[in-house]
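> The structure that follows is given in the form of structure tokens.
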Amino acid sequence: MNVLLLKPFEAPTWVAVSAGYLVGILVNYLLCVAWIFKSDPSRRYYEFLGSMAVGIVGLLLNNVIVITGEKLLPGIGPLVSLIENTGLDEVVPNIFVNIAKLVATFVVLAWNFLARKYLIFRLRKPEDN
């Protein structure tokens, strides 16, 4: 989604990243309910709202990492040299955005999984109901 919006439509980085991430929030919730976590049908509304809240925090983390990376990575001399020497800057458009997005993906993946596991879909003991 990021590449589709960044290059052809020349969307600002934060718009492209946010659009892709928002689609991912919905897909992630559906996968969590269907395959990953035990879901309680009586709590679906709260699970959905909780998933959206976790997703919004993840979106903020994602955007901070990508936008910060886009600004800071071009200033890291050894990284710039490596990219130029390998020719990646000519092959991969928006290389620094893509590198930052890769880092953000792993950080936000960990956040999303752990927050959903421990805050939203935690198993309840029968006496907790």
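The values are calculated or read from the model by the stated rules, or taken from the named source; none is laboratory data. Note that the coordinates shown come from a computational prediction; the quantities given were computed from them, not determined experimentally. Ideal geometry is used to build each Cβ from the backbone, glycine not excepted, and the neighbour counts take in all protein chains shown. Only protein heavy atoms, including side chains, enter the accessible area calculation; ligands, DNA and RNA are left aside. Shrake-Rupley method; radii C 1.70, N 1.55, O 1.52, S 1.80 Å.
> Among (1) open to solvent by 80 Å² or more (accessible area, probe 1.4 Å); (2) in a helix (DSSP H, G or I), there is one condition residue 122 misses while meeting the rest; what is its number?
So the condition that residue 122 fails would be (2).
> Surrounded by 11 or more Cβ atoms within 10 Å (Cβ to Cβ) and hydrophobic (A, V, I, L, M, F, W, C): which single residue out of 27, 108 fits that description? I'd like the intermediate steps shown before the answer.
Working: 27 fails: surrounded by 11 or more Cβ atoms within 10 Å (Cβ to Cβ).
It is 108.
> Can I ask one more? For the stretch 66-101, how many residues are under 17 Å from residue 13 (Cβ atoms), in a helix (DSSP H, G or I), open to solvent by 40 Å² or more (accessible area, probe 1.4 Å) and aliphatic (A, V, I, L, M)?
Matching residues across the stretch 66-101 total 3.
> Which members of the stretch 45-65 meet the condition of being open to solvent by less than 60 Å² (accessible area, probe 1.4 Å) and either touching a residue at least 60 places away in the same chain (Cβ under 8 Å) or of a type in the set (Ser, Thr, Tyr) (or both)?
First, the residues of the stretch 45-65 that are open to solvent by less than 60 Å² (accessible area, probe 1.4 Å): 47, 50-55, 58-59, 62-63, 65.
Correct list: 47, 50, 51, 54.
> So, one more: Tell me, which residue of the stretch 40-72 that is over 22 Å from residue 101 (Cβ atoms) and hydroxyl-bearing (Ser, Thr, Tyr) is modelled with the lowest pLDDT?
So the first thing to find is which residues in the stretch 40-72 are over 22 Å from residue 101 (Cβ atoms), and the list is 40-50, 53.
In the following step, the residues that additionally are hydroxyl-bearing (Ser, Thr, Tyr) were identified as 42, 45-46.
Values: 42: 78, 45: 81, 46: 83.
Only one residue tops the list, namely 42.
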